[in-house]
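Q: Right, I'll just put the structure down here and ask away after.
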Amino acid sequence: MSVEPPDNGISVPRGVSGVRVLLLDDEPANLHLRTAILRQHGYHCIPASTIEEATEVFSDIDIAVLDYHLGSGRFGTEVATHLRSRRPQVPIIILSATLERHFGGAEDMHLLKGYSSVDDLLSALSALKAKRLGSPVVVDARDFFYSRISLAIGSDVLVQIFDDHGVWHYCNDSAAEYLGQTRDWFPGRCVFDEMPALMRDWREVLRTVARTRETYIDRTRRGLLALPRTGEQNLTWSVLAFPITLHDSRTGVVLTARVLERNSPLFA
């Protein structure tokens, strides 16, 4: 027997997709708002404010959207682990406001509050509906995690994320274009092997930042490259390297660069 969601004064639109979404959040206002949004977009939303309420409807859902912080020392990941053991085919999305989270647990995707929009949640639900229909869906949580960081920094900034050995974990569109490769070319490759003559020697900087968790700042005309490209001789760059916890809990480094100013050439 299916479980109907409680009547919260929000009408379910006709012609719903039939996809039943568990929405767990201990904040009443957030729960009410997200329930309304999902129902307006055709989802059969089942709201729950406690782990116990969520657990009761496990057998009647197609996708779970779980808030990470549930108060009183309890977390949505507890629910994710329990749900995965009982119904492994149900996709799970965790909503979290914390960047310093270990990714890759029972959940299929993390959406970061403050970085992710309503459209991000709706896109995630749309993609994961395929799993309900029997088609496997693989969501690259790592790329999503790093892309949110890049989005917060700004699209006009060259952003690269490395481990302490110089292996790329992420490169945004601006940096990829600057370095002459597609964005998906970078992950898993080592900058010191692939671009030994192009990139200036960042080996010691990356290792030091990762080891000491200090921040490196360089505001000169050096930029990212060993030798400036044509037309870059008169640019002043702001280059910043700072530590970050990678998706696998190791310490990595975010390397950013942007042009501070364009200097007029000097004449004798």
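The values are calculated or read from the model by the stated rules, or taken from the named source; none is laboratory data. As the structure is a prediction and not an experimental result, all values here were calculated from the model. Reconstructed Cβ throughout: ideal geometry from the backbone, glycine too, with neighbour counts over all protein chains shown.
Q: Being part of a strand (DSSP E or B) and out of contact with any His (no Cβ under 8 Å at 6 or more places or on another chain) narrows it down to one of Tyr178, Tyr170, so name that one.
A: Residue meeting the stated conditions: Tyr170.
Q: Provide a single number: the residues in segment 184-211 that are basic (Lys, Arg) and within 12 Å of Val167 (Cα to Cα).
A: Here the count works out to 3.
Q: Identify, please: which residue in segment 239-255 is farther than 20 Å from Glu204 by Cβ and among the polar types (S, T, N, Q) and is, among those, surrounded by the most Cβ atoms within 10 Å (Cβ to Cβ)?
A: Pass one, segment 239-255, residues farther than 20 Å from Glu204 by Cβ: 245, 247-249.
Keeping just the survivors that are among the polar types (S, T, N, Q) gives 245, 249.
Numbers: Thr245: 14, Ser249: 11.
Only one residue tops the list, namely Thr245.
Q: With respect to Ser135, is the statement that it is modelled with pLDDT of 65 or more and not assigned by TED's automatic domain parsing to the domain that holds Phe186 true?
A: Taking the combined requirement at face value, the residue does not satisfy it.
Q: Here is a further query. Based on what the data block shows, is Gly71 in a loop (DSSP other than H, G, I, E, B), more than 25 Å from the chain's Cα centre (by Cα) and assigned by TED's automatic domain parsing to the domain that holds Val118?
A: Answer is no for this residue.
Q: Right, here's the next one. Can you tell me which residue within segment 35-67, out of those that are touching a residue at least 60 places away in the same chain (Cβ under 8 Å) and in a helix (DSSP H, G or I), is surrounded by the most Cβ atoms within 10 Å (Cβ to Cβ)?
A: For segment 35-67, the residue satisfying everything is Leu38.
Q: Restrict the check to segment 190-198 and report whether at least one residue is assigned to a strand (DSSP E or B), surrounded by 13 or more Cβ atoms within 10 Å (Cβ to Cβ) and within 23 Å of the chain's Cα centre (by Cα). Write out each step before concluding.
A: To start, the set of residues in segment 190-198 that are assigned to a strand (DSSP E or B) comprises 190.
Now drop any that are not surrounded by 13 or more Cβ atoms within 10 Å (Cβ to Cβ), which leaves 190.
Adding the requirement that they be within 23 Å of the chain's Cα centre (by Cα) leaves 190.
Yes, segment 190-198 contains a residue that is assigned to a strand (DSSP E or B), surrounded by 13 or more Cβ atoms within 10 Å (Cβ to Cβ) and within 23 Å of the chain's Cα centre (by Cα).
Rundown of residues vs (1) part of a strand (DSSP E or B); (2) loosely packed, with under 13 Cβ neighbours inside 10 Å; (3) outside the structural domain of Phe192 (by TED's automatic domain parsing), yes/no style:
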residue	(1), (2), (3)
Thr208	no, no, no
Arg211	no, yes, no
Glu214	no, yes, no
Gln233	no, yes, no
Trp237	yes, no, no
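Q: Do we find that Arg200 is within 18 Å of Leu246 (Cα to Cα) and of a type in the set (Lys, Arg) in this structure? Don't jump to the end; show me each part of the working.
A: Details: within 18 Å of Leu246 (Cα to Cα): no; of a type in the set (Lys, Arg): yes.
Spelling it out, it is not the case that Arg200 is within 18 Å of Leu246 (Cα to Cα) and of a type in the set (Lys, Arg).
Q: When segment 35-74 is examined, which residues are found to be of a type in the set (Phe, Trp, Tyr) and in contact with a Ser or Thr (Cβ under 9 Å, 6 or more places away or on another chain)?
A: Within segment 35-74, Tyr43, Tyr68 meet the criteria.
So that you can scan it fast, the table gives a plain yes or no per residue for (1) among the charged types (D, E, K, R); (2) modelled with pLDDT under 80; (3) in contact with a helix residue (DSSP H, G or I) (Cβ under 9 Å, 6 or more places away or on another chain); (4) on the phi < 0 side of the Ramachandran plot:
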position	(1), (2), (3), (4)
Arg86	yes, no, yes, yes
Val90	no, no, yes, yes
Ile94	no, no, yes, yes
Arg101	yes, yes, yes, yes
Met109	no, yes, yes, yes
Lys113	yes, yes, no, yes
Ser116	no, yes, yes, yes
Ser126	no, yes, no, yes
